[in-house]
Amino acid sequence: MKSKAAGKAKPTKSASPKTPYSRDRGVLMSAAEAADYLGLTEGMLRALSLRGEIPRIPIGDQLVRYHIDDLDAYIAAQRETVGR
């Protein structure tokens, strides 16, 4: 009997997100996913959101999601700021 792990490559650490995100679905990400996507801690992501630098989408009383396009816009803005 083969083990379930047989034939599967081990994930490697890289600068890219651990999870492939698709813009085709208009992805909404949890704080953990969005922080991972940006390479930030969840606390830093929350701080940026509270300062209005990264838009967040409240869902109900406690749930918050982040749209991938907003995260990409934040990345682009940072790139432009650094290049000046």
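Points to keep in mind about this one:
- For the stretch 24-83: relative contact order, % (alpha-carbon pairs under 8 angstrom, 6 or more apart): 37
- Multiplying the residue separation of S30 and L50 by 0.36 nm and subtracting their alpha-carbon distance yields 5.6 nm.
- Each of I57 and A73 was given a label point 7 Å from its Cα along the Cα-to-Cβ line. The distance between the two points is 1.3 nm.
- Distant-in-sequence amide H partners of R65 (H built 1.01 Å from N, under 5 Å): I57, I59
- Sorted by Cβ density within 10 Å, fewest first, the residues D61, D72, D36: D61, D72, D36
All of the numbers you see were taken from the coordinates with simple rules; none came from a lab. From a predicted model like this one, the values you see are computed outputs, not experimental measurements. Quick reminder, even Gly has a Cβ in these numbers, built from the backbone with ideal geometry, and neighbours come from all protein chains shown.
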